[in-house]
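See below for the structure under consideration.
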Amino acid sequence: MTIQWFPGHMAKARRQVTEKIKLIDIVFELVDARIPMSSRNPMIDEIISSKPRIVLLNKADKADAAITKQWLEYFNDKDIPAIAIDAQTGTGLKQITTLSKELLKAKFDKMAEKGIKPRAIRALIIGIPNVGKSTLINRLAKKNITKTGDRPGVTTAQQWVKVGKELELLDTPGILWPKFEDQLVGFKLATTGAIKDTILNLQEITVFALNFLKDHYPNRLKERYSIDEIPDDIVDLFDEIGKKRGCVISGGQIDYDKTSELVLREIRTDKLGRLSFEIPENFQEE
Ligand code: G4P
């Protein structure tokens with residue numbers, strides 16, 4: 001589902017998340033393992049404020065495993081606990097409870113000292129649209145929770161869902177917007193399929209994606225499209241892929257829209273293997 005984020009929606013979404021945060025002990029910030037920075041909300045630190053947080057690098061099954069490892073180290077270096085997960089199959093989810101307990105031990109010990117009855121840890125899943133929030137809630141809850149509140153204006157009654165005995169989640173996630181201002185971020189979101197009904201130009205997204213693949217995964221491109229030598233000029237690369245895949249219009253001209261759709265579909269469905277479109281090296285300052 002594509003959400004149109006207008007300033008009013010953003011303010012409302014922020015208010016809703018702020019309200020939910022008051023109810024919980026810990027935030028699970030869901031990001032896309034292929035683009036951990038571009039799939040974050042620009043104001044997340046401010047919104048979460050002092051609540052403990054775990055960054056969950058979701059869709060790790062689609063990301064380059066070596067790069068995901070680097071991202072885990074990156075967050076670790078910044079003292080931000082992070083786990084790589086696959087919400088669809090459930091890989092990595094056990095660690096979420098273990099780590100939450102570890103992070104909240106002092107708080108819960110203090111509560112016990114004061115004679116407060118032990119209770120489950122309360123958590124909220126937060127993330128931008130399509131990052132996998134509903135999938136994760138359903139997987140953790142082991143039941144199908146209807147996808148509601150996916151529009152920032154929708155208010156539903158808060159309910160807790162149990163995850164084993166020690167953890168409970170708010171059944172509706174916190175939905176926040178991505179960083180729209182930066183065009184590069186937009187290209188990355190579109191390439192990975194986070195922006196579905198694309199608001200960017202299809203051919204421009206593909207130029208970004210092909211340039212990235214050319215620099216970082218040239219062999220995958222060569223294999224997938226049976227190319228011996230990757231041309232320097234991106235238009236020549238487009239032409240070669242288009243020709244190889246029969247994306248031509250009458251007169252033998254390359255159909256660039258069709259070629260773009262094909263390349264993006266193949267990237268999103270992992271036909272070029274597991275890919276990461278962001279590397280920690282480029283984010284050392286943040
Ligand atoms: P949201 O609530 O944050 O908006 O996201 P949602 O759970 O709806 O997930 C968005 C899409 O991402 C879904 O695919 C879902 O199956 C997929 N997904 C979620 N987690 C993972 C994961 O860990 N690995 C993989 N491979 N996919 C995951 P969908 O509904 O089929 O949409 P689409 O595939 O057509 O985009």
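Using only Cα atoms, figure out Rg for the chain and give it as a multiple of 2.2 N^0.38 Å.
Expressed relative to 2.2 N^0.38 Å, the Cα Rg reads 1.11.
How many angstrom separate the Cα center of segment 260-277 from the Cα center of segment 1-73?
So the separation of the two Cα centres works out to 23 Å.
Report the relative contact order of the chain, percent, no decimals, based on alpha-carbon pairs under 8 angstrom and at least 6 residues apart. Let's see the in-between values first.
Numbers: 415 pairs, mean separation 62.9, N = 286.
Normalised by residue count, the contact order of the chain is 22 percent.
Going by amide H atoms built from the backbone, whose H comes under 5 Å of the H on Arg53, apart from near neighbours?
Correct list: Val27.
Tabulate in residue order the Karplus-calculated ³J(HN,Hα) for segment 164-170, using 6.51 cos²θ - 1.76 cosθ + 1.60 with θ = phi - 60°, rounded to whole Hz; enter x for Gly and Pro.
x, 8, 9, 9, 9, 10, 6
Report, in listed order, any pair from Lys142/Lys214; Lys114/Lys142; Lys59/Lys142; Lys51/Lys214 with a Cα-Cα distance greater than 29 Å.
Beyond 29 Å between Cα atoms: Lys142/Lys214; Lys114/Lys142; Lys51/Lys214.
Check Gly174: other-chain or 5+ apart residues with amide H under 5 Å from its amide H, H built from backbone geometry?
The list, which skips near neighbours in sequence, is Ile125, Ile126, Gly127.
Among 19-30, 130-141, how do they line up from the highest to the lowest mean number of other beta-carbon atoms within 10 Å?
130-141, 19-30
To the nearest 500 deg cm²/dmol, what mean residue ellipticity at 222 nm is calculated for the chain from DSSP H runs of n ≥ 4 alone, each contributing -39,500 (n - 2.57), summed and divided by the residues?
Working: 10 runs with 118 residues, N = 286.
Theoretical 222 nm ellipticity from helices: -12500 deg cm²/dmol.
Using the charge dipole of the chain (Lys, Arg: +1 at Cβ; Asp, Glu: -1 at Cβ; taken about the Cα centre), state which of Thr191, Leu221, Leu103 has its Cα farthest towards the positive end.
Comparing the listed Cα positions along the dipole, Leu103 ranks first.
Could you work out which residue, out of Trp177, Trp160, Trp71, moves most in a Gaussian network model of the chain, that is, has the largest mean-square fluctuation with Cα springs under 10 Å?
Among Trp177, Trp160, Trp71, the largest mean-square fluctuation in the Gaussian network model of the chain belongs to Trp160.
Under 10 °C and 1.306 mPa s, how fast does segment 1-73 diffuse according to Stokes-Einstein, given a Kirkwood radius computed over C-alpha pairs? Answer in µm²/s, whole number. Don't skip to the end; give the middle numbers.
Values: Rh = 13.8 Å.
Answer, rounded: 115 µm²/s.
Kindly flag which residue pairs out of Lys117/Lys143; Lys78/Lys188; Lys20/Lys271; Lys78/Lys105; Lys162/Lys271; Lys165/Lys196 have an alpha-carbon separation exceeding 30 Å in this structure.
Values: Lys117/Lys143 28 Å; Lys78/Lys188 24 Å; Lys20/Lys271 39 Å; Lys78/Lys105 20 Å; Lys162/Lys271 37 Å; Lys165/Lys196 37 Å.
Table pairs above 30 Å Cα-Cα are Lys20/Lys271; Lys162/Lys271; Lys165/Lys196.
With θ set to phi - 60° and the Karplus curve 6.51 cos²θ - 1.76 cosθ + 1.60, what are the ³J(HN,Hα) couplings of segment 263-268 in order, to the nearest whole Hz, using x for Gly and Pro?
So the Karplus estimates, Gly and Pro as x, are 4, 5, 4, 5, 5, 5 Hz.
So which aspartates and glutamates can Lys69 reach, going by Cα to Cα under 16 Å and dropping same-chain residues fewer than 8 places off?
Asp32, Asp61, Asp77, Asp79, Asp86, Glu278, Glu281
Values quoted throughout were computed directly from the atomic coordinates according to the rules given, and no laboratory measurement underlies them. Quantities reported herein were computed from a predicted structural model and do not represent experimental measurements. Cβ: placed from backbone, ideal geometry, glycine included. Neighbour counts: every protein chain shown.
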